[in-house]
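Undergrad: Can you read through this structure? Questions will come right after.
The values are calculated or read from the model by the stated rules, or taken from the named source; none is laboratory data. Worth saying up front: this structure is predicted, and the values here are computed from it rather than measured. So basically every Cβ, Gly included, is an ideal-geometry build from the backbone, and we count neighbours across all protein chains shown. We work out accessible area using only protein heavy atoms, side chains counted, and drop any ligands, DNA or RNA first. Shrake-Rupley method; radii C 1.70, N 1.55, O 1.52, S 1.80 Å.
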Amino acid sequence: MIETELGWLTVPLAMLAGAIRVSTPFLFVSLGECLTEKSGRINLGLEGTLVFGAMTGYATSYHTGSPWLGVLAAGIAGSLFGALHGFICKLPKVNDIAIGIALMLFGTGLAFFFGKPYIQPQAPRLPSIGLGSWSDVPQIRSALDINPLFLVGIVLAIALWWAFKNTRWGLIVRMTGDSAPAARAMGYSVDLVRFLATTAGGFLAGVGGAFLSLSYPGAWTEGLSSGQGLMAVALVIFARWNPLACFGAALLFGAAGALGPALQSVGITQGYYFFNAAPYLLTLFIMIASVSPKRSLKGAPGELSITK
Amino acid sequence: MSAFTLSRRSLLKSAAIGALGATSGISLIRPARAESLTIGIVYVGPRDDFGWNQAHAVAAAALKQVPDVTVVEEENVPETAACAQSMESMISLDGAKLIFATSFGYYSPFVVDLAKKYPEVQFRHAAPLWKEGDPVNAGSYFGQLDQAHYIDGIAAGLSTKSNKIGFVAAKPIGTVLLNINSFTLGVKKVNPAATVQVIFTGEWSMPVREAEAANALVDAGCDVLTCHVDGPKVVIETAEGRGVKSCGHNASQAPLAPKGFITGAEYKWETIYKDYAAKLAKGEALPNFIGGGFDKDFVQNTPYGAGATPEAIAAADAARAEVKAGKPIFVGPIKKQDGSVLLGEGQSFVNSSAELNATDYLIEGVIGSIT
């Protein structure tokens, strides 16, 4: 295979490629969390859902031979976790954050337990679409080898953004999130809306997990997620509960994650610990730059237990 | 501070003794026959990680075939007081007489403290940490994987067309740096024009960053990849997916890359484990400190995959025979990365020597930085 010398261009290209490759799980989990939080509840358990989804997707793909069935199974498993969270939080005097942390540990532990036999075998992986076939440069072709789930994520982000603004369902979810008494006065069941929003959010997080194990990096191991589910929850706050901003934030985090390896590959080898910390530094910096003690978080649903 | 709090299992054990009386209590703890040997093995991760833990687990499976040896295992044991509790329950509940602590961080204070507490039990730890003054029933064993990486390097140097080889490394500690240097010496021996480009991920296991690093190396023009991370699965699969060749690490990754796998550097802990078991069966004392490479059959190379050319196989086999016979790998002149002289003309390091295991530099020909 003949490689073309790109020199310095490697870094921006690698960051673009990294943004596309790494961002999908961030995108799905943050969209799911965005939906859940818009309804007025926080599900911190999405890290566990992500890991369990990754395991379920991999196992299903291995047994059935169809990676798309794996994605579906991961989504269903994720929605079960979401439903469990939604159901428990419906009970009186239950703290959604505490339940979320419990489900995070439960999901991870359960995934490790059932995932043991799937570490060794190789499951069929999701195919990717080669959008870079116009280019002769192999680096560009590989960067534009895009997984269909990434495209689904973009469509989903736009659809959610539009639906929150323009559809009856979107308005109901937002109203439940901003003021439970108002929703009750309108005759909607707050618990039911939140239950459904959390379940749907869990579905998306499960699909995000399936991307990890079936596409990139594309294997089931116990160290697979390394906190991506948790970072995605933080992304939602950073994106100010806007699905379109979630997409941008996911891309930014993906690109920042690719920075460390990309710089080392062109010979900027000093300080890789610093560059590897880029996504976290970026979060801190943006939080500091955008937060003011004089006003509350813009766009935060009024019913969220962290903003109340 | 003592690392041992009363564990649930030891509490249950005491309760059982109290309830059943001393004699029945002891028979409850020691069901094993007097002449049989129980060996406990503690792993830091899953046994089938295609890496470090799997290498130990493969040896444990071989050990189970030895008559009159029982093996008890526990995986995913963190390097905290939890590992002391695991080892202690292997001793008191399963009657283990020999404990293999296979992760670096188990040694101090856990193995040292336990060895003092149970002088009749032998503890062996898989890293060169034992020193004079440590308990005599503790000890270290390790394999010089750098020798196997040197052979990998020879095969890789004859396989590259772009003269760029990528190395995904976890952390810049001595063992990792030595593996990178030895690999590079192998590459340079057969292909002086080639360079080895290193990317450090900074973590032992970080699949997404390992995949990013592998992709970045391929994008930078590398056409052979190898790695030193806990589980090389992701790096090898990414290399295969990008259509470049690969060399493995720790355990056999050959099934992961049916097209591009060349060979790999593997431990052969089986040799050490069986030797220990035989010595204990004969009532001999175990050595406190052993280490070695091909000379002692402690390391091996993965059987050649489809990526190995006949030329690479011949050169690698010849070099392995030389190393096995004791020919040094580090022969001058060798310069460090900064241009200073490591070994002058005519100088060399003896294989497996202490100088090598204290490596804190990269040699010329490696692109990459420790900090």
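Undergrad: Take chain B, connect every pair of alpha-carbon atoms lying under 10 Å apart with a spring to form a Gaussian network, then pick out the residue of B:VAL299, B:VAL69, B:VAL187 with the largest mean-square fluctuation.
TA: Fluctuation is largest for B:VAL69.
Undergrad: Using +1 at the Cβ of each Lys and Arg and -1 at the Cβ of each Asp and Glu in chain A, identify which of A:GLY18, A:ILE129, A:THR198 lies farthest towards the dipole's positive end.
TA: Value: A:THR198.
Undergrad: Let me know the Kirkwood hydrodynamic radius for region B:258-299, please, with Cα pairs as the basis and the value in Å to one decimal. Don't skip to the end; give the middle numbers.
TA: On the way: mean 1/r = 0.0820 Å⁻¹.
Averaging 1/r across every pair of different Cα atoms and inverting gives 12.2 Å.
Undergrad: Roughly how compact is the protein assembly as shown, stated as its Cα Rg over 2.2 N^0.38 Å to two decimals?
TA: Details: Rg = 27.3 Å, N = 679, 2.2 N^0.38 = 26.2 Å.
The reported ratio for this selection is 1.04.
Undergrad: Any idea what % of Cα-Cα pairs in region B:144-183 are farther than 13 Å? Walk me through the numbers before you get to the answer.
TA: Values: 400 of 780 pairs.
Distances greater than 13 Å cover 51 percent of the Cα pairs.
Undergrad: Using a 10 Å cut-off around each Cβ of peptide A:228-236, what is the average number of partner chain Cβ atoms that fall inside?
TA: 0
Undergrad: Could you calculate the contour length gain from B:LYS274 to B:GLU120, that is, 0.36 nm times the residue separation minus the distance between their Cα atoms, to one decimal place in nm? Don't skip to the end; give the middle numbers.
TA: Working: separation 154, 0.36 × 154 = 55.44 nm, distance 1.99 nm.
Extending this stretch completely gives an extra 53.4 nm.
Undergrad: Could you tell me the total accessible area buried at the B-A interface, probe 1.4 Å, in square angstrom to the nearest hundred? List each step's numbers first, then the result.
TA: Numbers: alone 15570 and 14570 Å², together 26780 Å².
The contact between A and B buries close to 3400 Å².
Undergrad: Could you work out which residue, out of B:LYS233, B:LYS164, B:LYS116, moves most in a Gaussian network model of chain B, that is, has the largest mean-square fluctuation with Cα springs under 10 Å?
TA: Sorting by GNM fluctuation, first place goes to B:LYS116.
Undergrad: Compute the Rg/Rh shape ratio of region B:233-371: radius of gyration over Kirkwood radius, all on alpha-carbon atoms.
TA: Numbers: Rg = 18.2 Å, Rh = 17.7 Å.
Using only Cα positions, Rg/Rh for region B:233-371 is 1.03.
Undergrad: Within the protein assembly as shown, what whole-number % of the accessible surface is contributed by carbon and sulfur, with the 1.4 Å probe and all protein chains included in the calculation?
TA: Numbers: 17280 of 26780 Å².
Here it works out to 65 percent.
Undergrad: Continuing with the same structure: With chain A treated as a Gaussian network of Cα nodes joined by springs under 10 Å, which of A:GLY260, A:GLY53, A:GLY40 yields the largest mean-square fluctuation?
TA: Checking each option, the largest mean-square fluctuation is seen for A:GLY260.
Undergrad: Run the simple label-point estimate for A:ALA277 and A:ALA98 please: 7 Å along Cα→C-beta, distance reported in nm.
TA: Reported label-point gap for A:ALA277 and A:ALA98 is 3.4 nm.
Undergrad: Additional query: Please compute the average number of Cβ atoms from other chains found within 10 Å of each residue's Cβ in peptide A:266-274. Kindly include the intermediate steps, with their values, before the conclusion.
TA: Numbers: counts 5, 5, 1, 11, 3, 2, 11, 5, 1.
Across the residues of A:266-274, the mean count of other-chain Cβ atoms within 10 Å is 5.
Undergrad: If the viscosity is 0.692 mPa s and the temperature 37 °C, what Stokes-Einstein diffusion coefficient in µm²/s follows for chain A when Rh is the Kirkwood radius over Cα pairs?
TA: Details: Rh = 19.9 Å.
Calculated translational D: 165 µm²/s.
Undergrad: Please compute the modelled spin-label separation between A:HIS63 and A:LEU9, points set 7 Å along Cα→Cβ, answer in nm with one decimal.
TA: Those two pseudo-labels are separated by 4.8 nm.
Undergrad: Here's a follow-up. Over chain A, what is the relative contact order in whole percent, taking alpha-carbon pairs under 8 Å and six or more residues apart?
TA: Numbers: 578 pairs, mean separation 110.1, N = 308.
Worked out over chain A, it gives 36 percent.
Undergrad: How shielded is B:361-370 by partner chains, expressed as the average number of their Cβ atoms within 10 Å of its Cβ atoms? Before the final figure, lay out the partial values.
TA: Values: counts 0, 1, 0, 0, 0, 1, 5, 5, 7, 3.
Neighbouring Cβ atoms belonging to other protein chains average 2 per residue here.
Undergrad: When only C-alpha pairs under 8 Å and at least 6 residues apart count, what is the relative contact order of chain B, in percent?
TA: 16
Undergrad: Could I ask something else about it? For region A:189-247, build the convex hull from the C-alpha positions and give me its volume per residue in Å³. Kindly include the intermediate steps, with their values, before the conclusion.
TA: Numbers: hull volume 5.9 nm³, N = 59.
Enclosed volume per residue, from the Cα hull, is 101 Å³.
Undergrad: Based on the Cβ-Cβ distance from B:ILE173 to B:GLU284, what FRET efficiency comes out when R0 is 41 Å, to the nearest 0.05?
TA: Values: r = 34 Å, r/R0 = 0.82.
The value I calculate is 0.75.
Undergrad: With the contact rule set at Cα under 8 Å and sequence spacing of 6 or more, what percent relative contact order holds for region B:35-138? Don't skip to the end; give the middle numbers.
TA: Numbers: 175 pairs, mean separation 29.9, N = 104.
The value is 29 percent.
Undergrad: While we're here: In debye, nearest 20, what is the charge dipole magnitude of the protein assembly as shown about its Cα centre with +1 on Lys and Arg Cβ and -1 on Asp and Glu Cβ, if you could check?
TA: Values: 50 positive and 50 negative charges, 390 e Å.
That gives a dipole near 1880 debye.
Undergrad: Amide H to amide H under 5 Å from B:GLY291: which residues, 5+ apart in sequence or cross-chain, H placed 1.01 Å off N in plane?
TA: Those qualifying (amide H under 5 Å, at least 5 residues apart or on another chain) are B:PHE142.
Undergrad: Per residue, how big is the convex hull of chain B when only Cα atoms are used? Give it in Å³.
TA: Values: hull volume 54.3 nm³, N = 371.
Roughly 146 Å³ of hull volume per residue.
Undergrad: Leaving out ligands and nucleic acids, and using a 1.4 Å probe, what accessible area per residue does region B:35-138 come to in Å²? Before the final figure, lay out the partial values.
TA: Details: 3700 Å² over 104 residues.
Ligands and nucleic acids excluded, the figure is 36 Å² per residue.
Undergrad: Excluding ligands, DNA and RNA, what is the solvent-accessible area per residue of region A:128-264 at a probe of 1.4 Å, expressed in Å²?
TA: Details: 5050 Å² over 137 residues.
Normalised by residue count, the accessible surface of region A:128-264 is 37 Å².
Undergrad: Would you compute the Debye intensity of region B:35-138 from its alpha-carbon atoms alone, equal scatterers and no solvent, and pass along log10 I(q)/I(0) at q = 0.15, 0.16, 0.17 Å⁻¹ to two decimals?
TA: -0.56, -0.64, -0.72
Undergrad: At 222 nm, what value in deg cm²/dmol follows for the protein assembly as shown if DSSP H runs of at least 4 each add -39500 (n - 2.57) and the sum is divided by all its residues, to the nearest 500?
TA: Numbers: 25 runs with 347 residues, N = 679.
That comes out to -16500 deg cm²/dmol.
Undergrad: When the label point is put 7 Å from the Cα of B:THR371 along its Cα-to-beta-carbon vector, which residues of region B:177-199 have a backbone N closer than 18 Å?
TA: Correct set: B:177.
Undergrad: Using a Förster distance of 45 angstrom, determine the FRET efficiency expected from the C-beta separation of A:PHE113 and A:ALA163, and round it to 0.05.
TA: Working: r = 37 Å, r/R0 = 0.82.
Computed FRET efficiency for A:PHE113 and A:ALA163 comes out at 0.75.
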